[in-house]
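The values are calculated or read from the model by the stated rules, or taken from the named source; none is laboratory data. Nothing here was measured: the structure is a model prediction, and the numbers come from that model. Here the Cβ positions follow ideal geometry from the backbone for every residue, glycine too, while neighbour counts run over all protein chains shown. Protein only, heavy atoms only, side chains kept; ligands, DNA and RNA dropped before computing areas. Shrake-Rupley method; radii C 1.70, N 1.55, O 1.52, S 1.80 Å.
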Amino acid sequence: MKNCEIKSPPVFAADVPRWDRETDADGDDMGLVVEQVFNNTIYNKQKAEQALGILLPGRMILTGEWNGLTYTIEHESIRKGSTVYIGYTFDSIPAAQKANIRGKTEQGKLILVAAKAPPTDIEIEEIRVLNLNE
């Protein structure tokens, strides 16, 4: 007996034949159907993991760590075009809003850009990176 082959990348098949007592086929034919269902499971698992994203640890950004009005966070999971959600701690939200911080992504980098210098240190609780276009 062989194991099902995982397609790379996994392919989702919407049309999977249904077998019943009247089906006249051999084990190889049935194995292909099982493999389709198996690959659907792998596909769904990858899409679910992709939707959850990667959670990066929080950090404290001290006022003196800004390079002009930018601060760069580096991580290999960040891609050009990643969607990034930043969760500030409750006490840091007013300072982040006052500084009007925005972000943009490049390969391996999240670049935070402030419209004006943050008045105090800013604590980020979490950073979630989503790469939905992969």
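Structure notes:
- Any chance TYR71 is of a type outside the set (Gly, Ala, Ser), surrounded by 11 or more Cβ atoms within 10 Å (Cβ to Cβ) and in contact with a Leu (Cβ under 6 Å, 6 or more places away or on another chain): yes
- Test: residue in segment 64-81 that is among the charged types (D, E, K, R) and either farther than 30 Å from THR120 by Cα or assigned to a helix (DSSP H, G or I) (or both): yes
- Selected residue (criterion: surrounded by the fewest Cβ atoms within 10 Å (Cβ to Cβ)) from residues of segment 82-101 that are free of Cβ contacts under 8 Å to residues at least 40 places away in the same chain, at negative phi and part of a loop (DSSP other than H, G, I, E, B): THR89
- Each residue in segment 24-58 was checked for being part of a strand (DSSP E or B) and open to solvent by less than 70 Å² (accessible area, probe 1.4 Å), and 3 of them qualify.
- Reported count of residues in segment 102-127, each being closer than 16 Å to SER82 by Cα, in a strand (DSSP E or B) and open to solvent by 70 Å² or more (accessible area, probe 1.4 Å), is 5.
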